[in-house]
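Here is the structure we will look at.
Readers should treat all values here as calculations from the given coordinates under stated rules, not as data from a laboratory. What you see is a predicted model, and the numbers here were worked out from it, not measured in a lab. Cβ atoms come from the backbone with ideal geometry, glycine included; neighbour counts cover every protein chain shown.
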Amino acid sequence: MEPSFCPYCGEEHLDELDPTELMVDNQKWIIYHYECKVCGEIFDKIFVDEDYDEYEEDEDDENRLWS
């Protein structure tokens, strides 16, 4: 869900910037960035994709080193 107003000035004129995706503790986080056209403040909304599971256990994983 997109924000309907700026949390800093309350105006409804927002630009959505390119989102950032990253992995945190085997969870996919999507960070949406918004910029207010009125006051110029940039703020974020973080979405954690609970259904994303890139890692699947494998018997060979016991012998791998993760860093």
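Some notes on this structure:
- Projected label distance in nm at E50 and F5, using a 7 Å step from Cα toward the beta-carbon: 2.9 nm
- Summarising the label geometry, the points placed 7 Å from Cα in the beta-carbon direction at L17 and F43 lie 1.5 nm from one another.
- Converting phi to 3J(HN,Hα) with the Karplus coefficients 6.51, -1.76 and 1.60 and the offset θ = phi - 60°, segment 11-28 yields 6, 9, 9, 10, 10, 8, 8, 5, x, 10, 10, 8, 9, 10, 6, 6, 10, 8 Hz in sequence order, with x at every glycine or proline.
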